[in-house]
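For reference, the structure is listed below as structure tokens.
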Amino acid sequence: MVYTLGIDIGTSGTKTILMNQIGEVIASYTVEYPLYQPQNGYAEQNPSDWYHAVVDTVAAVVKNSGISKDEIKGIGLSGQMHGLVMLDENGEVIRPSIIWCDGRTAEQCVEITNLVGAEKLLSITANPAIAGFTAAKIMWVKKYEPQNYAKCKKILLPKDYIRYMLTGEFATEVSDASGMQLLDIKNRCWSDEVLEKLDIDKALLATVYESPEVTGKVTKAFAQATGINEGIIVVGGAGDNAAAAVGTGVVEDSKAFTTIGTSGVLYAHTSTMKLDQKGRVHTFCSAVPNEWHVMGVTQAAGLSLKWLRDTLCQEEIDYAEQEQVDPYVIMDQLAKKVPIGADKLIYLPYLMGERTPHLDTNARGVFFGLSAVHTKANFIRAVLEGVSYSLRDCKEVLAEMGIDANDMMICGGGAKSPLWRQMLADIYGVDVVVPASSEGAALGVAILAMVGIGQYKTVQQACSAIIKKDKVTNANKQSHDQYEPFYRLYRSLYPSLKQSYQQLNNI
């Protein structure tokens, strides 16, 4: 039997899986690590935390699986997108990584737009200047930490830093590189024009590959640290959402998925490049060579529920520990008792600003309609609904672009909740399907590694053989109609608050 490892370097933790050639996950292990917020709107992590988590998880799955290490033939890497990792001439990390949900770079977005030109930037990178993207972070360091920028010899994305630690190679791939705002999305290569106008040396950037291509081989040092063989191939892999698409079989036109992790994403595959001229959604290269995807992003999806859990639900956490269940199961039980609309309590999930459809780093979370009748259960239900409304916003933009997002898979931590799945199906007005495997991005890059070692000829062929469907949640027309007035009110709140958000930021 042939096996591959799928490693997903996420925001809350790293998961590594071991998969065989027919898609059976033999072992899975996760290690968590912290996120740091030195100021309001900032978000950073230490790359060393990612690396130690990768070493620990790889060692654990190999040990727990009981298989021979000689049967492991390939590794695929996935990870949180947009993070900035800066290395000095010795390959050492210069400063903590500024990660995807950091919102400090509004000033740099204006600067990038002025230097490149709004239309030109959109035509090359397929996106307007966005605070979360890597280019703005580079410009921020250049201005506010010139001593660090002067020391920088290589710029990598989170998963590509791990690749460097595994193989010694400076490499990336098209799906993750798309989120740096330095890639020519149509031609799938670094844009000399953008780099020149931003005065960023191309030599700082890694070599770009397609996702299933071999980018390097495991070094002796990493092999000794984890118990795997030296020389195992490492493929390009994919950014977390492109990897999740492979892990759910969304690799052909008309297929889409929703994922609810720390952030929330609605993702649709397209064999032809499509662009939203208003820049409300992202067009990126997909993990399928020479094809693309379009996705809308909710910055604080699962993060909103985690924030609520950690802030208000200690009683539920304690009870869950006593009952030996996940605290979110207890929270779901409370929310299920509350009617649609949460007794007229509406939540705007903008804890970390927002991307789709507002592109506003100043936006912040809101509970609207709060009254003395509301309980903790109302807050939980309102958060679940508010995140779902935000994802519905993403779906509406895709519909405007003529993209069919009705063959809908669902994955991520939020997919474990039957209540949240039903809520999304009803608010979307389409059935949602859970894949048989819940490993998502880690599964996706393990599949890409199978293609890389030649076990399958194409990504589509591999997905057809491996991906299976599990639960189907059917949309309820009556519930859909009940949600509609709340959704329309939800959509009216951001325009009413936009100026207030700006004023709050300026105080």
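Just so it is clear, none of the values below were taken in a lab; they were calculated from the coordinates. Here the structure is a predicted model, which is why all the values come from computation and not from measurement. Virtual Cβ from ideal backbone geometry, glycine too; neighbours counted across all protein chains shown.
Please work out whether the stretch 33-183 counts as rounded, prolate or oblate from its C-alpha gyration tensor, where a ≥ b ≥ c are the square roots of the eigenvalues and a/c under 1.5 means rounded, while otherwise a/b larger than b/c means prolate and anything else oblate? It comes out prolate by the Cα gyration axes.
Cβ crowding within 10 Å ranks 307, 140, 292 as 307, 140, 292, fewest other Cβ atoms first.
Of the GluC sites (Glu not before Pro) found in the stretch 1-89, those in coil by DSSP whose Cβ has at most 14 other Cβ atoms within 10 Å are 24, 89.
Of the peptides 499-507, 440-448, the order by per-residue mean of other Cβ atoms within 10 Å, starting with the highest, comes out as 440-448, 499-507.
Oblate is the label for the stretch 198-263. Its Cα gyration tensor axes, ordered a ≥ b ≥ c, give a/c of at least 1.5 and b/c at or above a/b. Rounded to whole numbers, the Karplus 3J(HN,Hα) couplings from phi for the stretch 35-45 are 10, 10, 10, x, 9, 4, x, 8, 8, 9, 9 Hz, using 6.51 cos²θ - 1.76 cosθ + 1.60 with θ = phi - 60°, and x at Gly and Pro. The local environment of residue 43, defined by Cβ-Cβ distances under 12 Å, has a net charge of 0 under the rule Lys, Arg +1 and Asp, Glu -1.
Working out 0.36 nm times the residue gap between residue 271 and residue 119, then minus their Cα-Cα distance, what length gain in nm do you get to one decimal? Show your work: numbers first, answer last.
On the way: separation 152, 0.36 × 152 = 54.72 nm, distance 2.33 nm.
The residue 271-residue 119 span can extend by a further 52.4 nm.
Computed per residue of the chain from DSSP H runs no shorter than four, each worth -39500 (n - 2.57), the mean residue ellipticity at 222 nm is -13000 deg cm²/dmol.
The amide H of residue 356, built 1.01 Å from its N in the peptide plane, has 297, 299 as neighbours under 5 Å, considering only residues 5 or more places off or on other chains. Cross-link partners of residue 186 among aspartates and glutamates, defined as those whose alpha carbon lies under 13 angstrom from its own and excluding same-chain residues fewer than eight positions apart: 291. The stretch 382-412 and the stretch 467-507 have Cα centres separated by 9 Å.
The structure shown yields volume of the Cα convex hull per residue in Å³, and of the options [x] 172; [y] 137; [z] 153 that calculated value carries the label [y].
Report the antiparallel proportion of the DSSP beta bridges in the chain as a percent, rounded to a multiple of 5. Mind dumping the intermediate values first?
Details: 50 of 72 bridges.
Taking every DSSP beta bridge with both residues in the chain, the antiparallel ones total about 70 percent.
Cross-link reach is defined here as a Cα-Cα straight distance under 19 Å, omitting same-chain residues fewer than 8 places apart; for residue 336 the lysines meeting it are 306, 344, 376, 416, 477.
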